[in-house]
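Notes to accompany the following structure.
The values are calculated or read from the model by the stated rules, or taken from the named source; none is laboratory data. In this text the structure is predicted, and so the values were computed from the model without any measurement. Virtual Cβ from ideal backbone geometry, glycine too; neighbours counted across all protein chains shown.
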Amino acid sequence: MNIPERGPGQIRIGIAIEIPEPYAAELSAARTAVDDPLARFIPPHITLLGPTVLEADQLAEARAHLAAVAASAPPFRVQLRGTATFRPVSPVVFVALSQGIAECEQLEQAVRSGILDGELRFNYHPHVTIAHEVPDAALDKAFEAMADYSAEFDVDRFYQYEHGDDGIWRPQAAFPLGRS
């Protein structure tokens, strides 16, 4: 996983849509089943902004930006359906979105502006990772095991996560949608 270095006085954040239960447990179990070492560190989510380093004193400004973005976006529905992969470009298998793609793309663009503006390593594609940087056989297993997976849920908020010194991503602040 590509995690930017962090220095003294800096924090590493990410912005994501949390996957609700019971789906989060199902998707975590799928990642654990293929021995993905990141399964215990990264909760199931749809990324809006990947790992980003800020000066600690920029966090309040970033949160104000995120609150404004969230307030201007209406709640929406996500449907997860089936698997896909980024191979051969990246060794990732994921559960795909069949509904909510445009809303995630709009949120991602709005989040990745202002204080959080930055370069993308890859074009944005909303998804839920279930295997990352594991052997090809494990990627194949994840792809096949979740090929018929389906889940639907409403998205009414997104979260700012912080990457702890123990390597675990934890939600730090929620940003409710449509509260302008």
Inset, instruction - Scan the range 41-68 residue by residue and report those that are within 15 Å of His132 (Cα to Cα) and surrounded by fewer than 18 Cβ atoms within 10 Å (Cβ to Cβ). - result: Phe41
Legend entry - Failed criterion for Pro4 (all others in (1) part of a helix (DSSP H, G or I); (2) exposed (fewer than 13 other Cβ atoms within 10 Å of the Cβ); (3) not hydrophobic (A, V, I, L, M, F, W, C) hold): (1)
Inset, instruction - Determine whether Leu120 is closer than 28 Å to Pro176 by Cβ, loosely packed, with under 12 Cβ neighbours inside 10 Å and not aromatic (Phe, Trp, Tyr). - result: yes
Legend entry - The listed residue being modelled with pLDDT under 95 and either buried (at least 17 other Cβ atoms within 10 Å of the Cβ) or on the phi > 0 side of the Ramachandran plot (or both), out of Glu108, Glu133: Glu133
Inset, instruction - Being in contact with a helix residue (DSSP H, G or I) (Cβ under 6 Å, 6 or more places away or on another chain), in contact (Cβ under 8 Å) with a residue 60 or more places away in the chain and not basic (Lys, Arg) narrows it down to one of Leu66, Leu49, Leu38, Leu27, so name that one. - result: Leu49
Legend entry - Scope the range 18-40; condition surrounded by 21 or more Cβ atoms within 10 Å (Cβ to Cβ) and more than 14 Å from the chain's Cα centre (by Cα); matching residues: Ala30, Arg31, Val34, Asp36
